[in-house]
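Enquirer: Take a look at this one; I'll ask things after.
The values are calculated or read from the model by the stated rules, or taken from the named source; none is laboratory data. Worth saying up front: this structure is predicted, and the values here are computed from it rather than measured. Glycine gets a Cβ as well: all are built from the backbone with ideal geometry, and neighbour counts include every protein chain shown. Surface areas here come from the heavy atoms of the whole protein model, side chains and all, with no ligands, DNA or RNA. Shrake-Rupley method; radii C 1.70, N 1.55, O 1.52, S 1.80 Å.
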Amino acid sequence: QNGTYTSNSTTAVSLNVTHPHGINASSINMTIDGSQVVHSSESISGGYKVENLTAQPYSEGFHNISLNALTNQSEEVSYEWSFYVSIEENVIKIQGLEENSVLQEEIFDINVSNRKYCDFWYNIDNGMNSTIETGFSFNTTLNITEGNHNITVFAKDITGNINSTTVNFTVFTSQPVI
């Protein structure tokens, strides 16, 4: 089913291909992520159940399936769909800011990343949440006043699992008085 996810990296990919005029079994072509795959074709009423036989595990991420065939009257039939394989841990990494950092600038950049495709958001000092960024990573520029602060970053993966991490830091831009 299009847009679904699985946590099984060796899940079988299958589709019932049917048509009122029947399906020409020798014309069936299945690709996954643009590469042709070995498949079985089990006869069913009006067509075939086509299943991928490749034992290669899927990596974390979206995978695109395409199946093309001809009917017994040479009419083209085609299906395309994608699914997401969720096998990695939901681990947030923040670059540009370390725990207990002392920053001498109020404006600085951070990069937030995860091995999983996630909705990301953050807040500063438990304030309002930022707008959601979606993907494997995002960059943002922070403008923080002098003082002690924390940033909490949240990541909600495709399975609905939410992880968070908090980094405490200090912005100190004042020149020492001698």
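Enquirer: Restricting attention to segment 61-99, report how many residues are in contact with a strand residue (DSSP E or B) (Cβ under 6 Å, 6 or more places away or on another chain), within 30 Å of THR141 (Cα to Cα) and of a type in the set (D, E, K, R).
Expert: Qualifying residue count for the region: 3.
Enquirer: Sticking with this structure for a sec: State all residues of segment 68-84 that are of a type in the set (Ser, Thr, Tyr) and either part of a strand (DSSP E or B) or within 14 Å of THR165 (Cα to Cα) (or both); if no residue qualifies, say none.
Expert: Hits for segment 68-84 are THR71, SER78, TYR79, SER82, TYR84.
Enquirer: Let me ask another. Would you point out the residue of segment 28-58, among those that are open to solvent by 50 Å² or more (accessible area, probe 1.4 Å) and either of a type in the set (A, V, I, L, M) or within 17 Å of THR4 (Cβ to Cβ) (or both), that is farthest from the chain's Cα centre (by Cα)?
Expert: ILE44
Enquirer: Give the residues of segment 85-116 that are part of a strand (DSSP E or B) and open to solvent by 70 Å² or more (accessible area, probe 1.4 Å), sorted by residue number.
Expert: LYS93, GLN95, VAL102, ILE107, ASP109, ARG115 - these are the residues of segment 85-116 that are part of a strand (DSSP E or B) and open to solvent by 70 Å² or more (accessible area, probe 1.4 Å).
Enquirer: State whether one or more residues within segment 163-178 are buried (at least 17 other Cβ atoms within 10 Å of the Cβ), under 30 Å from ILE87 (Cα atoms) and in contact with a Ser or Thr (Cβ under 7 Å, 6 or more places away or on another chain).
Expert: No, that holds for no residue.
Enquirer: Give the residue that is modelled with the highest pLDDT, with candidates limited to residues of segment 10-25 that are open to solvent by less than 30 Å² (accessible area, probe 1.4 Å) and not in a strand (DSSP E or B).
Expert: Looking at the filtered set, the residue picked out is GLY22.
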